[in-house]
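The values are calculated or read from the model by the stated rules, or taken from the named source; none is laboratory data. Everything numeric here is computed off the predicted structure, so don't read it as measured data. Every residue, glycine among them, receives a Cβ derived from its backbone with ideal geometry; neighbour counts consider all protein chains shown. What goes into the accessible areas is simple: the full protein's heavy atoms, side chains included, and nothing from ligands, DNA or RNA. Shrake-Rupley method; radii C 1.70, N 1.55, O 1.52, S 1.80 Å.
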Amino acid sequence: LQQVRHQQAGEREVAQVVGAELQLEAVAGLASPRGCHHPGVVDEEGEGALEPLGERVHGYMSAISQTVRAVVYGLLAAAIAQGTIAGLGYWVAGLKAPIALGALTMIAALIPFMTPVVWVGASIWLVITGHTVAGTGLFLWGLLAISWIDNIVRPLVISNATSIPFLLVLFGVL
């Protein structure tokens, strides 16, 4: 029983080290494009804090690194797509500076639930200034095109970069 407790304590320590390493990798972008390298956690001989997990750890860390990278690329691709689609809507609605508004929408798309703030605000402004048809059209464009593009582009990028099926990623993103 004492040996099992000791092993569980070791596994918790390994999980904490892996979690800290993943946070560093996600925040600082330490993932190597050629594979997974974790300085200080596993040395060149494969020994270190992750040694209790055995040889499987390299495959797990590589898969996690690849998935994190795919999620970041998916987020960026979705933001670019949303900004582009929104810019097109702003142009059709007759707003001045549709490229600047599209760029603002792209930046807002990097923050969860912020994209509608831009296109809803522009729609309200159009309605208030007497352009009711353009404001309503932009609102519908935002609801049907701008918001939904994120739910298509991000899962496509993630599923293509990993071996995770598209539908599984789609439901995970929703």
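Scanning segment 126-146 for residues that are surrounded by fewer than 17 Cβ atoms within 10 Å (Cβ to Cβ), out of contact with any Gly (no Cβ under 9 Å at 6 or more places or on another chain) and of a type in the set (Gly, Ala, Ser) gives a single hit, Gly130. What residue, among those in segment 47-78 that are modelled with pLDDT under 75 and part of a helix (DSSP H, G or I), is most open to solvent (accessible area, probe 1.4 Å)? Out of the qualifying residues, it is Arg56.
Take Ala145 and tell me if it is modelled with pLDDT of 85 or more, of a type in the set (A, V, I, L, M, F, W, C) and out of contact with any Asp or Glu (no Cβ under 9 Å at 6 or more places or on another chain).
yes
Against the numbered list (1) open to solvent by less than 20 Å² (accessible area, probe 1.4 Å); (2) at pLDDT 90 or above, Ile158 comes up short only at (2). Taking segment 98-174 and the helices (runs of 4 or more DSSP H) fully enclosed by it, the elements with 1 or more residues that are among the hydroxyl-bearing types (Ser, Thr, Tyr) and in contact with a Pro (Cβ under 7 Å, 6 or more places away or on another chain) are at 147-161. Across segment 79-122, the number of residues qualifying as in contact (Cβ under 8 Å) with a residue 24 or more places away in the chain, open to solvent by less than 40 Å² (accessible area, probe 1.4 Å) and not aliphatic (A, V, I, L, M) comes to 7.
Considering Ile124, Ile85, Ile128, Ile64, the condition of being of a type in the set (A, V, I, L, M, F, W, C), under 19 Å from Pro155 (Cα atoms) and over 18 Å from the mean Cα position of the chain (by Cα) is satisfied by Ile85 alone.
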